[in-house]
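Let me begin by presenting the structure, written as structure tokens, before commenting on it.
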Amino acid sequence: MKTVKQLVLICALSLGLVPAQGQKNEYAIIPAPLQLKAQSGQFQFTGDFVGVFFDGVDAASEQALRILAFRLRDAAGIHLGPVANAQKAAIVCVRNTKLTNPEAYKLTVAKNKITIEASDAAGFFYAAQTLRQLLPVEIESATVQTGVKWTVPCCQINDAPQYSYRGMHLDVARHFASKEEVMRYIDQLALLKINTFHWHLTEDQGWRIEIKKYPKLTSIGAWRYRTLDGAYVSVPNRKWKMEKHGGFYTQDEIKEVVAYAAARHINVLPEIEMPGHAVAALAAYPELSCSGGPFEVEGLWGVFNDIYCTREETFAFLQDILDEVVPLFPYSYVHIGGDEAPKTRWKRCAACQQRMADEGLHDEHELQSYFIRRMGNYLATKGKKIIGWDEILEGGLAEGATVMSWRGTEGGIAAAKMGHDVIMTPNGYMYLDQYQSEEKDKEPCAIGGYLPIEKVYNYNPLPSELTAEQNKHIIGVQGNVWTEYMLNEDIRQFRIFPRIDAVAENGWLPQSKKNYPDFKRRLQQMTKRYDIMGIKYSQAFISNPMVEKK
Ligand code: ACM
Ligand code: ZN
């Protein structure tokens, strides 16, 4: 039997109102740091001003603490501000050039001081995200929370990512996402130390980026008037939603998103699809197809035979487009698609056959290679490298191209063996458009499949087929969010969260450091943050039999 006093104390402890004597600190950081040495005791933010001393760091590194500063201001009413010496500071930021990876950092939380070391703003930014995740979950609140002790458990963290490319993709073509939603998504990427946002901007079902030279791309190409309603079924049973759907981003809006991402150490990788998935562009400019059209912006999902013709006008058109795209995106890569381009029209098109004869190409796969190579060479003149889906291997891989391996890992393995860089995004593990529970009827209609978070988590981006040297070409991993069946932000969040946490940890930790039961423990803390942020995540991981019940 417990006394009333003991029961009151147990209650208070479970509510987190009083720190227990000798209570072990808990750490729940996603992605988990490479090394974390737990220590006893806690640092506590007290007062409404907290001094930060910057020791030899540049202005960009000072800015790297801004997101944390906003959280402390909004949720805790605490203001971070610079002070002139280390003695007066609660947080000290020290430039440490021995940390050669710009994304690496050291974080030391002692009872009286927090010290962050990094060589670059990116490292300081990630240290600040870790610090945010060490603070009570209420730090995510939009309004000042009273009655919360703003403590950070003491520890020593030595952290750096396994991969230089840690990506999340978003298809804004099948269903449009507003600029504001894209920014909210970028906020979530930043929290998880994901450093690349792959923005899938063009598709059969919609063209989403303003191109001033070709206004019909958005006046016509950004809008469709019917959309498949529900599951993909054959014709007599197919249903349509007869509504106008679409939207696009102006170039000013794109610049705003890119700057917002940059402030969060996220590169934006634009994707302009070619030669396939181009029906929306062809609806606007049918003269660039083999047949001449006419076409409608597609409302059905799938792969369509009408793709760009390889006549000269197409190249001029796409080069003009890239002339406008390139200045908007400072990232050194442009994604030019290359996937799912049927060769049906090219086989029957006199202009395409003439192109093959003129260039000495043996088949239409080589014609696709010619197309990709030519656009890659054009982008190289603008200082950009290309990324393409693994179909760009067919007919010969363009020099210097990076391959995104999506139809399994075979394409990635072949490309790495050829000395090309690879981003692993195999559809069996990294396509977050699939169901995530076995109770599919309780989820919104999805494209199919079954991808529980545990399967995402356990995926090892390094294929066993490759040597250590070849594995160096696996530069990262990415989760893909195709939105055919993601009609709105709620459904997108349901599919993305929390599987995105598993993607993030795959990108950050070496396989040997990954631990699924520990990840699930940390995920339960993360979902408390999501609750506060209003993120509508799937709870499938809770009913997963592998989850330990508390
Ligand atoms: C793809 O999923 N078509 C790259
Ligand atoms: Zn043609």
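The values are calculated or read from the model by the stated rules, or taken from the named source; none is laboratory data. None of the values given here were measured: they were computed from a predicted structure. When we count neighbours, we look across all protein chains shown, and the Cβ atoms used for this are built from the backbone with ideal geometry, even at glycine.
Can you tell me which residues in region 466-520 are within 30 Å of Arg224 (Cβ to Cβ), of a type in the set (Phe, Trp, Tyr) and in contact with an Asp or Glu (Cβ under 8 Å, 6 or more places away or on another chain)? Trp482, Tyr485, Phe494 - these are the residues of region 466-520 that are within 30 Å of Arg224 (Cβ to Cβ), of a type in the set (Phe, Trp, Tyr) and in contact with an Asp or Glu (Cβ under 8 Å, 6 or more places away or on another chain).
Just so you know, in region 401-420 the residues that are more than 23 Å from the chain's Cα centre (by Cα) and assigned to a loop (DSSP other than H, G, I, E, B) include one that is farthest from ligand 2 (Cβ to nearest atom), and it is Gly419. Note on region 217-243: residues that are assigned to a loop (DSSP other than H, G, I, E, B) and among the β-branched types (Val, Ile, Thr) amount to 2.
Residues of region 88-111 that are aliphatic (A, V, I, L, M) and in a loop (DSSP other than H, G, I, E, B): Ala89, Ala90, Leu99, Ala104, Ala110.
Each residue in region 266-301 was checked for being of a type outside the set (A, V, I, L, M), in contact with an Asp or Glu (Cβ under 8 Å, 6 or more places away or on another chain) and away from ligand 1 (no atom under 16 Å from the Cβ), and 6 of them qualify.
Just one of the listed residues (Gly449, Gly408, Gly360, Gly412) is surrounded by fewer than 16 Cβ atoms within 10 Å (Cβ to Cβ) and touching a Pro at 6+ places or on another chain (Cβ under 8 Å), and it is Gly408.
For region 190-207, check the following and say yes or no: at least one residue is in a helix (DSSP H, G or I), under 19 Å from the mean Cα position of the chain (by Cα) and either among the aromatic types (Phe, Trp, Tyr) or modelled with pLDDT of 95 or more (or both). Yes, region 190-207 contains a residue that is in a helix (DSSP H, G or I), under 19 Å from the mean Cα position of the chain (by Cα) and either among the aromatic types (Phe, Trp, Tyr) or modelled with pLDDT of 95 or more (or both).
As an exercise: evaluate Glu324 against (1) closer than 30 Å to Asn195 by Cα; (2) within 16 Å of ligand 1 (Cβ to nearest atom); (3) surrounded by fewer than 18 Cβ atoms within 10 Å (Cβ to Cβ) and give the number of the one condition it does not meet. Result: Glu324 fails condition (2) only. Within region 164-184, being of a type in the set (Ser, Thr, Tyr) and surrounded by fewer than 22 Cβ atoms within 10 Å (Cβ to Cβ) holds for Ser164, Ser178. Checked against (1) aliphatic (A, V, I, L, M); (2) exposed (fewer than 15 other Cβ atoms within 10 Å of the Cβ); (3) in a helix (DSSP H, G or I), Leu282 passes all but a single condition, namely (2).
Residues are listed down the side, and each one gets a yes or a no for (1) in contact with a helix residue (DSSP H, G or I) (Cβ under 9 Å, 6 or more places away or on another chain); (2) hydrophobic (A, V, I, L, M, F, W, C):
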residue	(1), (2)
Glu140	yes, no
Cys154	no, yes
Tyr165	yes, no
Lys179	yes, no
Glu203	yes, no
Ala222	yes, yes
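Within region 142-160, does at least one residue satisfy the condition of being of a type outside the set (A, V, I, L, M) and within 20 Å of the chain's Cα centre (by Cα)? The answer is no; no qualifying residue exists. For region 34-72, filtering for residues that are in a loop (DSSP other than H, G, I, E, B) and farther than 13 Å from Ala118 by Cβ leaves 5. Residues considered: Thr130, Thr143, Thr115. Of these, the only one that is without any contact (Cβ under 8 Å) to a residue 60 or more places away in the chain and hydroxyl-bearing (Ser, Thr, Tyr) is Thr115. For region 337-369, a tally of residues being near ligand 2 (Cβ under 9 Å from one of its atoms), farther than 12 Å from Arg311 by Cα and touching a helix residue (DSSP H, G or I) at 6+ places or on another chain (Cβ under 9 Å) returns 1. The condition of being within 16 Å of ligand 1 (Cβ to nearest atom), at negative phi and part of a helix (DSSP H, G or I) holds for only one of Gln368, Gln354, that being Gln368.
Whether any residue in region 297-311 is assigned to a helix (DSSP H, G or I), more than 16 Å from ligand 2 (Cβ to nearest atom), out of contact with any helix residue (DSSP H, G or I) (no Cβ under 7 Å at 6 or more places or on another chain) and under 19 Å from Ile336 (Cα atoms) is what I want to check. Checked against the condition, which is being assigned to a helix (DSSP H, G or I), more than 16 Å from ligand 2 (Cβ to nearest atom), out of contact with any helix residue (DSSP H, G or I) (no Cβ under 7 Å at 6 or more places or on another chain) and under 19 Å from Ile336 (Cα atoms), region 297-311 yields no hits at all.
If the condition is being in contact (Cβ under 8 Å) with a residue 60 or more places away in the chain and surrounded by fewer than 17 Cβ atoms within 10 Å (Cβ to Cβ), then region 63-98 contributes Gln63, Arg66, Asp74, Gly77.
Listed here are the helices (runs of 4 or more DSSP H) enclosed by region 440-541 that have at least 1 residues being in contact with a helix residue (DSSP H, G or I) (Cβ under 6 Å, 6 or more places away or on another chain) and among the hydroxyl-bearing types (Ser, Thr, Tyr): 453-458, 516-533. Can you confirm whether region 379-395 contains a residue that is closer than 17 Å to Gly276 by Cα and more than 16 Å from ligand 1 (Cβ to nearest atom)? So far as region 379-395 goes, yes, one or more of its residues are closer than 17 Å to Gly276 by Cα and more than 16 Å from ligand 1 (Cβ to nearest atom).
Pairs meeting the criteria (first residue in region 295-310 and within 16 Å of Leu217 (Cα to Cα), second residue charged (D, E, K, R) and part of a loop (DSSP other than H, G, I, E, B), beta carbons under 9 Å, at least 6 apart or on different chains) are Phe295/Asp306; Glu296/Arg226; Val297/Asp204; Glu298/Asp204; Ile307/Lys343.
Do we have any residue at all in region 421-434 that's more than 19 Å from the chain's Cα centre (by Cα) and either more than 14 Å from ligand 1 (Cβ to nearest atom) or farther than 21 Å from Pro275 by Cα (or both)? Checking region 421-434: not a single residue is more than 19 Å from the chain's Cα centre (by Cα) and either more than 14 Å from ligand 1 (Cβ to nearest atom) or farther than 21 Å from Pro275 by Cα (or both). Among the residues in region 17-24, are any within 17 Å of Gln156 (Cα to Cα) and at pLDDT below 95? Scanning region 17-24 turns up at least one residue that is within 17 Å of Gln156 (Cα to Cα) and at pLDDT below 95.
Kindly indicate whether Phe295 is under 28 Å from Val422 (Cβ atoms) and surrounded by 15 or more Cβ atoms within 10 Å (Cβ to Cβ). Criteria not met by Phe295. Within region 302-313, the set of residues being under 21 Å from Phe371 (Cβ atoms) and either within 16 Å of ligand 1 (Cβ to nearest atom) or of a type in the set (A, V, I, L, M, F, W, C) (or both) comprises Val303, Phe304, Asn305, Ile307, Cys309.
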